[in-house]
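What follows draws every value from the coordinates through simple rules; no lab data is involved. Quick caveat, the model's predicted, so the values are computed rather than measured. Every residue, glycine among them, receives a Cβ derived from its backbone with ideal geometry; neighbour counts consider all protein chains shown.
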Amino acid sequence: MKKLLELKNISKTFYSEKGLLFSRGAAKEACKNINMNISSGEIVALVGESGSGKTTLSRIAAGLLSPDSGAVFIEGRALERYSPLQRASKIGIVFQNPSDSLNPVLTGGYMIREALRNRKRLDYQNPPPELSSAESIFAEFSLDFKLASSRPGDMSGGQRQRLAAARSFAMFPSCLVLDEVTSSLDVSTAASIIKLLKRINARYGTAMLFITHNLVLAEIISERMFVMKEGEIVESGSTWEVFGSPRHPYVRELKAAGMLSREEAGASRYAGRESA
Ligand SMILES: Nc1ncnc2c1ncn2[C@@H]1O[C@H](COP(=O)(O)OP(=O)(O)OP(=O)(O)O)[C@@H](O)[C@H]1O
Ligand SMILES: [Mg+2]
């Protein structure tokens, strides 16, 4: 499989603002020398508890945050060598809370059409013809086209999250980074979004970095997974291996915690198994 996204020796430290004059505050190493590759069409999960550095890493991967050291490559080329528009056509990011990323004054239809227009300005890659209209993108994300004239504030949480994902997808990126996209949703809505993501991946070969705190959810969606703790990758490998026989005690803990939230696990498993 072709190497799509490469994170090489990524480190990032944050400093609290409490330091005295000329000194920096307490240091927090959010990412410590992280290496990760994602191939074309692959679904990879990144699992870890709150504060382990997942969002920091995903923002670095999508070019929204610069690492202190290390580099991100997409299709073998350093991320900073792409223009912002080119970058959005390679890697898209969807956040846990869609309200943070969706402009409240724009309608759903406008957002998707704007992404499609931007995509067309990049002449080197044409979107699949069946996805060249806002209507077709709405349909692909199981969104009623009536919502094209609605603003985010008039949509349900699940609809907003679908819209956020649809907007990133309308640039037809080779890779989508999904940062806890189902965490704020109820069980059945979360399950339907997982099912939808799997369908998008199967149809269009969009690679995905699926970020979650739930190892059980990661098992359902991914082929390969990375487990992060305190800024470091503590375990990685095929999902089957990592989930089936976790080596690191922390991963065993995460598995037990995921198993405890049976309802979430049950519904998600249903989403994963049902034919897309
Ligand atoms: N902009 C920032 N300034 C200072 N510290 C930060 C900043 N962003 C993140 N951190 C710190 O870096 C660490 C990792 O945060 P990050 O948001 O990457 O974790 P996470 O795994 O995404 O957590 P969660 O599951 O809660 O979203 C945390 O200790 C956090 O407080
Ligand atoms: Mg986070």
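Relative contact order of the chain: 24 percent, from C-alpha pairs under 8 Å at least 6 residues apart in sequence. Dimensions of the chain based on its C-alpha atoms, expressed as ranges along the principal axes with the largest first, amount to 49, 46, 39 Å.
Positive contributions from Lys and Arg (+1) and negative ones from Asp and Glu (-1), summed over other residues with Cβ under 11 Å from the Cβ of GLU6, come out at +2.
Considering every alpha-carbon pair of region 1-140, the percent of pairs per 5 Å bin, from zero through the bin containing the longest distance, is 2, 8, 14, 17, 18, 16, 12, 8, 3, 2, 1, 0. Label positions at GLU230 and LEU65, each projected 7 Å from the Cα along the C-beta direction, are separated by 1.9 nm.
What does the helix-only formula give at 222 nm for the chain: each DSSP H stretch with n ≥ 4 adding -39500 (n - 2.57), the total divided by the residues, and the result rounded to the nearest 500 deg cm²/dmol? Please report the intermediate quantities before stating the final value.
Working: 11 runs with 106 residues, N = 276.
Helix contribution divided over all residues of the chain: -11000 deg cm²/dmol.
Taking every Cα-Cα distance in region 117-202 and sorting them into 5 Å bins from zero, the calculated P(r) comes out as 3, 13, 26, 25, 19, 11, 4, 1, 0 percent.
Could you give the length gained by full extension between GLU114 and SER188, i.e. 0.36 nm per residue of separation minus their alpha carbon distance, to one decimal place? Could you put the intermediate results ahead of the total?
Numbers: separation 74, 0.36 × 74 = 26.64 nm, distance 3.01 nm.
So the extension gain works out to 23.6 nm.
Checking every one of the chymotrypsin sites (Phe, Trp or Tyr not before Pro) in region 115-173 against DSSP loop status and a limit of 12 other Cβ atoms within 10 Å picks out TYR124.
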